[in-house]
Amino acid sequence: MRRSRADNDATHTRLTRRAALLGGAQLLFMGGLAARMRYLQVDQADQFRLLAEENRINIRLIPPARGEIFDRNGIQLADNVPSYRIVMVREDAGDVEAVMERLAQVIEIDEETRERAMTEMSRSAPFLPVTIVDDVSWEVVSKVSVNAPALPGVTPEVGLTRVYPRGADFAHVVGRVGRVSQADLDALENPDQVLRIPRFQIGKINVEARAENLLRGAAGTKHVEVNATGRVMRELERREGQAGADLQLTVDANLQRYVQARLGEESAAVVIIDCENGDLAALASSPSYDPNLFIGGISSADYNPLLNSKYRPLVNKPIQGTYPPGSTFKMIVALAAIEEGIVTPDETVYCPGHLEVAGRRFHCWKRAGHGWVDLQHSLKQSCDVYYYDLAVKVGIEKITAMANRFGLGIKHDLALSSVAGGLAPTKQWKRSARGEDWVVGDTVNASIGQGFTLSSPLQLAVMSARIATGRAVTPRLIKSIDGVEQPSGAGEPMGLNENNLRQLRKAMYDVVNDRRGTGYRSRIIDDTMRMAGKTGTSQVRNITAAERARGVTSNADLPWERRDHALFVCFAPYDKPKYAACVLVEHGGGGSTAAAPIARDVMLQAMAGGEPPLEAYPKSDRGRIATQQEELRNTTPETTANLEGEDQA
């Protein structure tokens, strides 16, 4: 059937419309494609060029230089020295095992080192350099450089490693660094990426650890160009990191060295504090150890003797150790009583050698007793019965409150690890900790620094400084950070009756300078450096009634571990206190025989600013002291022998 003209026109119109739509769609598609191509090739050219170049440009972290540590006079205590090492980047090496095999043919690598490096690479990000061997010679560096084309991803680097020029003298103050462990990373909520660099060193204990964020600094970055085999061709860009802050401590390196030498092989602690500003002039723990042994990882042969020694060289005794303070606590009991007006310094108590309390006999150290004694005589002769009587009258709560005011039972804020808080007990403490009620016998025991009472040598030195000045002297260890002076620890007046403090200081003066004083044999005869102090002996064992009846076994006849601790606290000069100190000798026996002589020597050294004149000692002691001084000069630690010139600067 023949179509009409009208039908043909309609069909033509529809086809034309479809063609137009199709053509428009094609045109729109081509336009969009062209726009996208322009966007990718022109607008995004820089980004895609960077993506392409990432195949040949690596970004690597530059570990920051660790801040250095100095003593109060600018003598270096912790330094950084250059150290060569060979590192490998896993993503640049390709076949890591093959490259490691070729490297082992160039330089000597033992199996243990090789396995450790492979383990570290498997755990680390592929772009992080892993140390294969460190502290290598220039000859090893040269061999690796010459064979670089056959060792993709392997490069020699120069870095910095920590050293401690003063060795064992400052092991318990400065501390030490070590490699970052998984435990270190787990302890941080958002660890710095630089800490993930294998074998990166961070502070492990004491100032190195407590001031880690200050000492570490901030990492830098470098852009390096590598070829197809992963060999570094050139460094394109470097942004240096920020070095850590330098710290200046309050400790005097020469005084610290003398104190460590004076302690010798004793298991002991010494704290010397500046009464004017709270600066810790010396903080010594004996025996000590060389922290340099730990830097690259200490061997079992070196570590086991330190770990197993009964003298505990790894323990920081001045701030970490807590001991019954013995008779050094008697000043606290006396102050608690006279400040409350319960007794006066002139009131007397009769000492027959013991005191009956609640059906139990508490003995004085002097079996025959001291007779009638007041504050001055009780402290001078260290009469126990006087303080038993005082403690029953004043009560444990007031005694503990006074102990806290003088820094006992308080954890002092220092940049040191595991600072002990000690224990100044209360009735509530015993109910909570022991599930028992406080009894009057507990108060009697506390009055002579026994029972539950525990103090660190640091706390006892602070107590002595506060007695000497009447101010709340606070210990300070960091003197300045990058040259910025830190707040003083001079403290404000404590608000105590000055007459009571004066009476107490006079009694402490007599302890050392009166012929009947327990510390008389350790007196200083130079009037400008006279010392006041208090001896202390703290028991570490119970003495049974049977032993007391047949005679108490002397310390010399006991095994070392069962002997009493020896203590001595002091300040000097008496008229204008400059330094206060505490000396503790573990299982040393009596405070007057073991601790007081050391205290006199170190206090004279501190006041004289070096070796004191022999005229400061009693005539009968000068020959022995001259020999001792000569011996100490000859036993200067080898690690400090090359620093004499620096000390004079």
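ARG60: assigned to a helix (DSSP H, G or I) and at pLDDT 70 or above, yes or no? Answer is no for this residue. Right, LEU335: in the same structural domain as CYS582 (by TED's automatic domain parsing), assigned to a strand (DSSP E or B) and surrounded by 14 or more Cβ atoms within 10 Å (Cβ to Cβ) or not? No, not satisfied.
Let's see how each residue does on (1) of a type in the set (Gly, Ala, Ser); (2) touching a helix residue (DSSP H, G or I) at 6+ places or on another chain (Cβ under 7 Å); (3) within 26 Å of LEU255 (Cβ to Cβ); (4) in the same structural domain as VAL99 (by TED's automatic domain parsing):
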position: ALA150; (1), (2), (3), (4): yes, yes, no, yes
position: VAL173; (1), (2), (3), (4): no, yes, yes, yes
position: VAL177; (1), (2), (3), (4): no, yes, yes, yes
position: ILE202; (1), (2), (3), (4): no, yes, no, yes
position: ALA209; (1), (2), (3), (4): yes, no, yes, yes
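Selection within region 550-605: residues that are of a type in the set (A, V, I, L, M, F, W, C) and free of Cβ contacts under 8 Å to residues at least 24 places away in the same chain. The member of this set that is farthest from SER285 (Cα to Cα) is VAL552.
Regarding region 355-362, can at least one residue be identified that is assigned by TED's automatic domain parsing to the domain that holds THR426, surrounded by 17 or more Cβ atoms within 10 Å (Cβ to Cβ) and touching a strand residue (DSSP E or B) at 6+ places or on another chain (Cβ under 7 Å)? Looking through region 355-362, at least one residue is assigned by TED's automatic domain parsing to the domain that holds THR426, surrounded by 17 or more Cβ atoms within 10 Å (Cβ to Cβ) and touching a strand residue (DSSP E or B) at 6+ places or on another chain (Cβ under 7 Å). In summary, helices (runs of 4 or more DSSP H) completely within region 457-550 and bearing 1 or more residues that are surrounded by 15 or more Cβ atoms within 10 Å (Cβ to Cβ) occur at 457-469, 498-513.
The listed residues are SER417, SER432, and the only one of them that is over 27 Å from PRO493 (Cβ atoms), of a type in the set (Ser, Thr, Tyr), out of contact with any Ser or Thr (no Cβ under 8 Å at 6 or more places or on another chain) and buried (at least 16 other Cβ atoms within 10 Å of the Cβ) turns out to be SER417.
Between ASP79, ASP46, the distinction of being among the acidic types (Asp, Glu) and modelled with pLDDT under 80 belongs to ASP46 only.
The combined condition, being surrounded by 12 or more Cβ atoms within 10 Å (Cβ to Cβ), at pLDDT 80 or above and under 22 Å from ARG239 (Cα atoms), is not fulfilled by PRO129.
Scanning region 609-627 for residues that are of a type in the set (A, V, I, L, M) and in contact (Cβ under 8 Å) with a residue 60 or more places away in the chain yields a count of 1. The residues of region 383-422 that are in contact with a helix residue (DSSP H, G or I) (Cβ under 6 Å, 6 or more places away or on another chain) and in a helix (DSSP H, G or I), listed by number, are TYR386, TYR387, TYR388, LEU390, ALA391, VAL394, ILE396, LYS398, ILE399, MET402, ALA403. Scanning region 115-132 for residues that are in contact (Cβ under 8 Å) with a residue 24 or more places away in the chain and touching a helix residue (DSSP H, G or I) at 6+ places or on another chain (Cβ under 8 Å) yields ALA117, MET121, SER124, ALA125, PRO126, PHE127, LEU128, VAL130, THR131, ILE132. Considering the conditions (1) in contact with a helix residue (DSSP H, G or I) (Cβ under 6 Å, 6 or more places away or on another chain); (2) of a type in the set (Ser, Thr, Tyr); (3) under 23 Å from ALA599 (Cβ atoms), SER464 is excluded by exactly one of them, (1). Among residues of region 121-132 being under 18 Å from VAL180 (Cβ atoms) and of a type outside the set (Gly, Ala, Ser), the one that is farthest from the chain's Cα centre (by Cα) is PHE127. Return yes or no: is GLN428 over 20 Å from GLY409 (Cβ atoms) and over 31 Å from the mean Cα position of the chain (by Cα)? Considered against the rule, which asks whether it is over 20 Å from GLY409 (Cβ atoms) and over 31 Å from the mean Cα position of the chain (by Cα), GLN428 comes out as no. When ILE107, ILE69 are screened for being farther than 30 Å from ALA171 by Cβ, in contact (Cβ under 8 Å) with a residue 24 or more places away in the chain and among the hydrophobic types (A, V, I, L, M, F, W, C), only ILE107 passes.
Per the listing ARG166, ARG162, ARG176, the residue uniquely of a type outside the set (Gly, Ala, Ser), closer than 16 Å to VAL81 by Cβ and touching a Pro at 6+ places or on another chain (Cβ under 7 Å) is ARG176. Would you confirm whether any residue within region 439-447 is of a type outside the set (A, V, I, L, M), surrounded by fewer than 18 Cβ atoms within 10 Å (Cβ to Cβ) and out of contact with any strand residue (DSSP E or B) (no Cβ under 9 Å at 6 or more places or on another chain)? No, region 439-447 contains no residue that is of a type outside the set (A, V, I, L, M), surrounded by fewer than 18 Cβ atoms within 10 Å (Cβ to Cβ) and out of contact with any strand residue (DSSP E or B) (no Cβ under 9 Å at 6 or more places or on another chain). Out of GLY153, GLY159, one residue alone is over 21 Å from SER181 (Cβ atoms) and of a type in the set (Gly, Ala, Ser). It is GLY153. Among the residues of region 496-515, those that are under 13 Å from ASP374 (Cβ atoms) and not aliphatic (A, V, I, L, M) comprise GLN503, LYS506, ASP510. Selection of first residues in region 77-99 that are at positive phi and of second residues that are buried (at least 20 other Cβ atoms within 10 Å of the Cβ), restricted to Cβ pairs under 8 Å at least 6 apart or on distinct chains, gives the following pairs, ordered by first then second residue: GLY94/PRO152; GLY94/GLY153; GLY94/GLY230.
Against the definition (crowded, with 20+ Cβ neighbours inside 10 Å, within 29 Å of the chain's Cα centre (by Cα) and either assigned to a strand (DSSP E or B) or in contact (Cβ under 8 Å) with a residue 60 or more places away in the chain (or both)), how does ASP135 come out, yes or no? No, not satisfied. Candidates are the residues of region 258-303 that are aromatic (Phe, Trp, Tyr) and in contact (Cβ under 8 Å) with a residue 40 or more places away in the chain; the one that is nearest to GLU561 (Cα to Cα) is TYR289.
Matching residues to (1) farther than 30 Å from ASN213 by Cα; (2) at pLDDT 95 or above; (3) of a type in the set (D, E, K, R):
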residue: LEU501; (1), (2), (3): yes, yes, no
residue: MET508; (1), (2), (3): yes, yes, no
residue: ALA532; (1), (2), (3): yes, yes, no
residue: THR535; (1), (2), (3): yes, yes, no
residue: VAL540; (1), (2), (3): yes, no, no
residue: ARG548; (1), (2), (3): yes, no, yes
residue: ALA556; (1), (2), (3): yes, no, no
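Take SER522 and decide whether it is within 35 Å of the chain's Cα centre (by Cα) and under 30 Å from LYS411 (Cβ atoms). So SER522 fails the test. For TYR84, the criteria (1) aromatic (Phe, Trp, Tyr); (2) at pLDDT below 70; (3) surrounded by 13 or more Cβ atoms within 10 Å (Cβ to Cβ) hold in every case but one, which is (2). If you filter region 233-277 down to residues that are among the small types (Gly, Ala, Ser) and closer than 17 Å to CYS570 by Cβ, you find that the one that is surrounded by the fewest Cβ atoms within 10 Å (Cβ to Cβ) is ALA268.
The values are calculated or read from the model by the stated rules, or taken from the named source; none is laboratory data. Owing to the predicted nature of the structure, the values given are computational and were not obtained by experimental measurement. Neighbour counts are summed over all protein chains in view; Cβ atoms, including those assigned to glycine, are modelled from backbone coordinates with ideal geometry.
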